[in-house]
Amino acid sequence: MADVTQLIHEYLRHNKKFPHVFCPGCGHGIVLGSLIRSVHALQLPKDDVVVVAGIGCSGRMAVYVDFNTVHTTHGRALTFATGIKMANPRLKVICVMGDGDALSIGGNHLIHAARRNIGVTALVLNNMIYGMTGGQCSPATPQGNTSMTTPHGSLEQPFDAVELVSAAGANYVARGTSFHANMLDRLITDAIQHPGFSMVEALSPCPTQYGRKNKFRDAVSMYEWLKKNTVKLENRKEDDTRIPIGVFRALDRPGLEDRYAELKASLRAKGRA
Amino acid sequence: MPNMNTRRKRVEVFAQGNEAIAEGALLAGCSFFGGYPITPSTEIMEVMSQRLPPSEDGVFIQMEDEIASMGAIIGASLAGRKAMTATSGPGFSLMQEHIGYACMVEAPLVVVNVMRGGPSTGLPTSPAQGDVQMARWGTHGDHSIIVLSASTVQECLEMTVVAFNMAEKYRTPVILLVDEVTAHTREKITIPYRDELEILSRVTPTVPPEWFKPFAEATRAVPAMAPIGSGYRIHVTGLTHDQMGFPTSRPDEVNEAMKRMFRKIDQFYGDIMMVDEFMTDDAEVAVLAYGSVARSARYAVEQARARGVKAGLLTLKTLFPFPRPAVEKLCRRCKHVLVPEMNMGQISREVKRVNNGYTRVRTLNRVDGQIITPSEILKAIL
């Protein structure tokens, strides 16, 4: 525990804006912990880390961590992150988004960031609901589930962020959960180290909004659900209907910023500067 | 350093307005362009895509849409770059939320809007001046902003440099409004040398990071700005924030922050307000115009003078904050003032507000995608 206390003091803006906004049982704190442990494990200087966040509960993470932090507009965090990374490729840019952020209003930016393969790590905190807005359905809400805006059950099919981002061309795509905290640490560490665009989807329970409306007795039952309904990729059998977790894609193609640097170098060599 | 102007031959080129804007941006030190193509602004982007990658630290990126373009240039600006985007009406509409964000986080950047007929997709290749009030009030919330215009190709270059300077000086987005005629007219321009120009850059902090207040009250009400990655680990948010940059809803802190953001622009009105006066000294009839209309108006004023009518022209180069003193002076003195514009009266509305009953404000409006000709203006003057 001493180690944890040390990390809190080192990486959180402990004199600012606490207590935090996360509800009891919320998975976001665990993901935040993973993010901090990953940065710590990689020994990244705090000045070189930029956390760019969207709007909502996950967006608040940017306030708490003692890095360069930008709290942007709903869904557009990746566009800001793209500008920051291209302006200063030395920076480690981590983009924190919720499922509404990343898959709904920001869906276009997500696929294009993946297509460009820009060296940004996207952390998609998927609680399958709009939490801060009060429990409305999101593009990740499972079909049939109820929410404030799908009182009769959602008719729509949810996005699979992993498949979407893989198809769009990202280098590194993984899924973890806030139940599997150690694994999440590894995934995020891995993602940050990878060149090009990396995305880690973290399934993260929202007991207050999602759980309450979908007959989860308490927060613990939501974590039990995560444990029971997910399966590590390597253990997955063909007819398994559980949600696979693990690393889906890990390529080493150069990121956009590296290709841009190459272009500059070649133009200079040709005397076009 | 000695002034080299006299010994160097100035570079003269035959260029269109859009190319001149790109040239001005590069002279002003723009090293980041993020954009999305849209008629009639696209040539700005095309020139930047040619010129930025070979330059020392130039970054050009074509984003997936205009919302992303604005996001990218705000990010680049926060990371210490002089950044720009260029668009036209429909794209400008999409950018509005992020223009508000840029106002709130006080990110210096330049947005060029080459106006086309509207609303909606309107008339893509025809001139209009319909985005004047949107440039001022397009985003939600109450805010101050600087809006400039240009009426000749040479002015396109010059006003772009001014736009960057003002953006850096006042830490604010600056909108440059051009109309399609100005953007696509080709004429000879002189490209100044960089050392002939006054190029301003944002003030960066000199205090150690632990003393730094990123949104503090400051001289000129413009706080110093630390680029991301420079060792000042600040928080930037579109939420109303305190002097440290953290969200607040305390009325005294909100009030202070909002008032400072207005004050930083309003108190330097004299510096921001740019107008050109032509034969206004003894004018009895004044034409107030901007953009390509000002060129028609100038010819009309000359024609009117030839016929013995004491006409004058006030060309507005700054549209917002509205150049009240210059306009008021003419309203007080002239028998009537005429405001020709390619919209239903977006600047004449400001003129009427400033006029306050001094004289008669006449309007001449065209919204059919056609330019306003000198003879139309002359007829209205006489």
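At-a-glance table
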{"quantity": "Residues located in the range B:172-187, provided they are surrounded by fewer than 24 Cβ atoms within 10 Å (Cβ to Cβ) and farther than 16 Å from B:S292 by Cα", "calculated": "B:T172"}
{"quantity": "Search result, residues across the range B:69-116 that are within 14 Å of chain A (Cβ to nearest Cβ), under 17 Å from B:V178 (Cβ atoms) and of a type in the set (S, T, N, Q)", "calculated": "B:T85"}
{"quantity": "1 or more residues closer than 24 Å to B:I234 by Cβ, at pLDDT 95 or above and open to solvent by less than 50 Å² (accessible area, probe 1.4 Å): qualifying helices (runs of 4 or more DSSP H) within the range B:1-100", "calculated": "B:66-78"}
{"quantity": "Cβ pairs under 9 Å, 6+ apart, first in the range B:123-144 and open to solvent by less than 30 Å² (accessible area, probe 1.4 Å), second at pLDDT below 95 and of a type in the set (S, T, N, Q)", "calculated": "none"}
{"quantity": "Residues satisfying the stated conditions in the range B:334-347, i.e. open to solvent by 10 Å² or more (accessible area, probe 1.4 Å) and of a type in the set (A, V, I, L, M)", "calculated": "B:M344"}
{"quantity": "Some residue of the range A:211-220 being over 17 Å from the mean Cα position of the chain (by Cα) and of a type in the set (D, E)", "calculated": "yes"}
{"quantity": "Number of positions in the range B:233-246 that are more than 25 Å from the chain's Cα centre (by Cα), at the interface with chain A (Cβ under 8 Å from one of its Cβ atoms) and open to solvent by less than 50 Å² (accessible area, probe 1.4 Å)", "calculated": "3"}
{"quantity": "Number of the exception - B:P227 against (1) under 27 Å from the mean Cα position of the chain (by Cα); (2) over 30 Å from B:A22 (Cβ atoms); (3) open to solvent by 20 Å² or more (accessible area, probe 1.4 Å)", "calculated": "(2)"}
{"quantity": "Boolean, B:E350 is modelled with pLDDT of 95 or more, part of a helix (DSSP H, G or I), open to solvent by 40 Å² or more (accessible area, probe 1.4 Å) and not hydrophobic (A, V, I, L, M, F, W, C)", "calculated": "no"}
{"quantity": "Flag for B:P54 being facing chain A (nearest Cβ under 8 Å), over 25 Å from A:V50 (Cα atoms) and not hydroxyl-bearing (S, T, Y)", "calculated": "yes"}
{"quantity": "Hits in the range B:273-294 - residues which are hydrophobic (A, V, I, L, M, F, W, C), assigned to a loop (DSSP other than H, G, I, E, B) and more than 17 Å from the chain's Cα centre (by Cα)", "calculated": "B:M279, B:A283"}
{"quantity": "Strands (runs of 3 or more DSSP E) enclosed by the range A:154-239 - at least 3 residues per element that are closer than 20 Å to A:P142 by Cβ", "calculated": "A:172-177, A:198-203"}
{"quantity": "Considering residues of the range B:248-283 that are in contact with a helix residue (DSSP H, G or I) (Cβ under 7 Å, 6 or more places away or on another chain) and free of Cβ contacts under 8 Å to residues at least 40 places away in the same chain only, the residue farthest from B:A224 (Cα to Cα)", "calculated": "B:M279"}
{"quantity": "Any chance B:G312 is at positive phi and either out of contact with any strand residue (DSSP E or B) (no Cβ under 9 Å at 6 or more places or on another chain) or not in a helix (DSSP H, G or I) (or both)", "calculated": "no"}
{"quantity": "Members of the range B:353-375 that are buried (at least 17 other Cβ atoms within 10 Å of the Cβ) and of a type outside the set (V, I, T)", "calculated": "B:N355, B:L364, B:R366, B:P374"}
{"quantity": "Search result, residues across the range A:111-141 that are free of Cβ contacts under 8 Å to residues at least 60 places away in the same chain and more than 22 Å from A:F216 (Cβ to Cβ)", "calculated": "A:I111, A:H112, A:R115"}
{"quantity": "A:Y260 aromatic (F, W, Y), over 30 Å from A:M132 (Cβ atoms) and surrounded by 18 or more Cβ atoms within 10 Å (Cβ to Cβ)", "calculated": "yes"}
{"quantity": "Selected residue [touching a helix residue (DSSP H, G or I) at 6+ places or on another chain (Cβ under 6 Å), touching a residue at least 40 places away in the same chain (Cβ under 8 Å), within 14 Å of chain A (Cβ to nearest Cβ) and not charged (D, E, K, R)] from B:I228, B:I189", "calculated": "B:I228"}
{"quantity": "Only one of B:E253, B:E196 that is more than 13 Å from chain A (Cβ to nearest Cβ) and over 28 Å from the mean Cα position of the chain (by Cα)", "calculated": "B:E253"}
{"quantity": "Candidates B:P208, B:P214 - the one that is at pLDDT 95 or above and crowded, with 19+ Cβ neighbours inside 10 Å", "calculated": "B:P214"}
{"quantity": "Flag if A:A122 is at the interface with another protein chain (Cβ under 8 Å from one of its Cβ atoms) and surrounded by 24 or more Cβ atoms within 10 Å (Cβ to Cβ)", "calculated": "no"}
{"quantity": "Unmet criterion (only one of (1) assigned to a helix (DSSP H, G or I); (2) surrounded by 15 or more Cβ atoms within 10 Å (Cβ to Cβ)) for A:P139", "calculated": "(1)"}
{"quantity": "Given (1) away from chain A (no Cβ under 14 Å); (2) of a type in the set (A, V, I, L, M); (3) in contact with a Pro (Cβ under 7 Å, 6 or more places away or on another chain); (4) surrounded by 19 or more Cβ atoms within 10 Å (Cβ to Cβ), number of the condition B:V222 does not satisfy", "calculated": "(3)"}
{"quantity": "Those strands (runs of 3 or more DSSP E) lying entirely in the range A:37-119 with at least 1 residues open to solvent by 10 Å² or more (accessible area, probe 1.4 Å) and within 11 Å of chain B (Cβ to nearest Cβ)", "calculated": "A:92-98"}
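The values are calculated or read from the model by the stated rules, or taken from the named source; none is laboratory data. Since the model is a prediction, treat every value here as computed from it, not as a measurement. Don't worry about glycine lacking a Cβ; one is built from the backbone with ideal geometry, like all the others, and counts go over all protein chains shown. The protein model used for the area step is the full one, side chains on, heavy atoms only, and it has no ligands, DNA or RNA in it. Shrake-Rupley method; radii C 1.70, N 1.55, O 1.52, S 1.80 Å.
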